[in-house]
Amino acid sequence: MHPALKSFWRVINEDLAHLKNDLRSSHGFKEKAPIYAGIAAKALVTLIFCVLFVIGFVTVLGPDNAIVGVVVLLSVLTFQKVHFGYSSGQGALALFFIFILFAAVPPAAQYLTGLGGWPALGGFALLAATLMLILILGCDRVEFQNHIVLVLSFLLLYGYPAPRAAQPARIAGLLLGGAWAASILYRKNQHNTSTRGLGAVFSDFDPRTKADEWKLKLAILVPLAMWCGTLVGLERVMWIGIAAMSVLSPYEHLRLGKMFERILGTILGSILFYGLTLIPGMTPTLVGLSGGFLVGLTTSYRYQTIFNSLGALSVAMLLMGPTSSITARILDNAFGIIFVLIVVFIIDQVADYLQRTFGNKNKPAEDA
């Protein structure tokens with residue numbers, strides 16, 4: 001095989017983050033060209049696979065359940081590479097249980113929030129309790145970043161409800177997809193020899209520690225931000241929840257930077273989306289596919305935010321039109337981020353005050 005072709009096929013099978021390092025260490029066009037070509041081909045192949053995967057789910061479950069294909073795809077791709085941090089057998093059972101929650105909770109929460117008033121608050125409280133359970137079960141190892149897939153999937157299912165007639169197909173698709181994803185987690189992570197089980201996961205959970213504090217904040221603040229968004233009349237509050245989730249990083253030192261990048265990326269992505277819609281023949285579907293391809297070219301949160309906006313807005317445009325969808329996208333993201341910034345600051349200040357005031361009262365006399 002020609003060296004350039006061999007290098008190209010190596011790139012196709014390489015992780016994108018590693019390829020970025022290869023680009024930085026390579027010199028000249030001959031070394032860089034196969035890497036650039038491989039990255040582009042990798043993004044295109046991934047996009048084609050994802051589109052065909054979702055089309056398969058739409059064919060079987062109907063167009064109202066396209067989001068089920070997206071959710072199953074996210075877990076199938078993610079849990080080939082990572083697990084839940086404890087016994088893979090019990091982790092697989094936990095993942096299947098999470099998919100049961102995916103099937104049962106979003107429609108119940110949608111019903112309650114649709115009633116308005118205090119019942120709506122009950123719907124968001126149900127979301128908070130479910131998110132807390134998902135985070136305990138699936139995010140025991142912070143470094144795996146499983147919350148990105150699991151919380152995002154949960155919010156997508158809430159934000160794209162199925163009509164009553166399509167609900168049985170949605171439940172069946174999620175249960176079968178959950179069983180498939182759970183089997184992949186179990187089979188692909190045989191290298192995980194941990195014998196730690198679910199009992200230890202629950203008993204070890206302590207929101208007073210830095211390792212678990214972020215889970216409690218995320219579980220409460222994401223639905224709370226969405227509820228407050230409904231109170232001020234914002235549309236597509238799912239976007240508020242996703243924005244809040246994305247910046248409630250387990251790593252606090254990254255939070256302010258991600259907030260800035262989220263706002264900037266949303267604005268730039270909205271501008272890019274609007275510009276693309278002005279091109280003759282550029283349909284919402286093509287704009288969304290362009291965003292999917294471009295996301296595959298980068299690992300940067302800033303650029304992923306820009307390109308993800310294309311996919312989100314291409315769907316919203318069909319429901320709201322281009323101007324309303326862009327306005328809602330920017331307002332929802334800004335609201336979610338500002339809400340998190342203010343509320344987390346207040347929570348941290350109160351927690352610090354309580355720690356200073358009461359933190360030493362139970363210490364042994366010899367340590368006083």
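What net charge is computed for the residues neighbouring Trp214, neighbours being all others with C-beta under 11 Å from the C-beta of Trp214, Lys and Arg scored +1, Asp and Glu -1?
That works out to +1.
So for the stretch 207-360, averaging the separation of alpha carbon pairs under 8 Å that are six or more residues apart and normalising by length, what relative contact order in percent results?
Relative contact order of the stretch 207-360: 28 percent.
Can you give the FRET efficiency to the nearest 0.05 for Arg208 and Leu268, using r as the Cβ-Cβ distance and R₀ = 45 Å?
0.70
Around Leu61, what is the net charge, scoring Lys/Arg as +1 and Asp/Glu as -1 over all other residues with Cβ under 15 Å from its Cβ?
That works out to +1.
State, to one decimal in nm, how far the label point of Lys81 lies from the label point of Ser26, with both points 7 Å from Cα in the Cβ direction.
It is 1.9 nm.
Answer with one residue from Tyr111, Tyr301, Ser153: the one whose Cα lies farthest towards the positive end of the charge dipole of the chain, charges on Cβ with Lys, Arg +1 and Asp, Glu -1.
Tyr301
With 10 angstrom as the radius, rank Phe96, Phe102 by how many other C-beta atoms surround their C-beta, starting from the fewest.
Phe96, Phe102
Using 0.36 nm times the number of residues separating Val232 and Thr59, minus their current alpha carbon distance, what extension gain do you get?
58.5 nm
Can you give me the C-alpha center-to-center distance between the stretch 188-203 and the stretch 110-134, rounded to a whole angstrom?
31
Reported to two decimal places, what Rg/Rh ratio describes the stretch 207-360 when computed on Cα atoms with Rh from the Kirkwood expression?
1.06
If you take every residue apart from Leu137 with its C-beta less than 15 Å away from the C-beta of Leu137, what net charge results, scoring Lys and Arg +1 and Asp and Glu -1?
0
Whole-Hz Karplus ³J(HN,Hα) for the stretch 248-265, in order, using 6.51 cos²θ - 1.76 cosθ + 1.60 and θ = phi - 60°, x for Gly and Pro?
7, 5, x, 9, 4, 5, 8, 5, 4, x, 5, 4, 4, 5, 5, 5, 4, x
Using the Kirkwood radius over C-alpha pairs as Rh, can you work out the diffusion coefficient of the chain via Stokes-Einstein at 25 °C, viscosity 0.890 mPa s, in µm² per second?
Answer, rounded: 111 µm²/s.
Between Leu354 and Ala108, what is the FRET efficiency for a Förster distance of 30 Å, r being their Cβ-Cβ separation, to the nearest 0.05?
That pair, Leu354 with Ala108, gives E of 0.30.
Using alpha carbons only, how many angstrom separate the centre of the stretch 218-291 from the centre of the stretch 153-183?
One Cα centre to the other: 23 Å.
Per residue of the stretch 288-302, what does 6.51 cos²θ - 1.76 cosθ + 1.60 with θ = phi - 60° give for ³J(HN,Hα)? Whole Hz please, x for Gly and Pro, Karplus curve as stated.
Karplus values, whole Hz, x for Gly and Pro: x, 5, 4, x, x, 5, 5, 4, x, 9, 9, 10, 7, 4, 4.
Using C-alpha positions alone, give me the convex hull volume of the stretch 96-210 per residue in cubic angstrom.
118
With +1 on each Lys and Arg Cβ and -1 on each Asp and Glu Cβ, and nothing else charged, work out how big the dipole of the chain is about its Cα centre, in Debye to the nearest 20.
About 600 debye.
Counting only helical runs of four or more DSSP H residues, what would the 222 nm mean residue ellipticity of the chain come to if each run contributes -39,500 (n - 2.57) and the total is spread over all its residues?
-26500 deg cm²/dmol
Based solely on C-alpha atoms, express the radius of gyration and the Dmax of the stretch 284-356 in angstrom.
Here Rg and the maximum Cα pair distance are 17.3, 56 Å.
Every read-out reported here was derived from the displayed coordinates using simple, explicitly stated rules and does not represent laboratory data. What you see is a predicted model; the values in this text were computed from it and never measured. Neighbour counts are summed over all protein chains in view; Cβ atoms, including those assigned to glycine, are modelled from backbone coordinates with ideal geometry.
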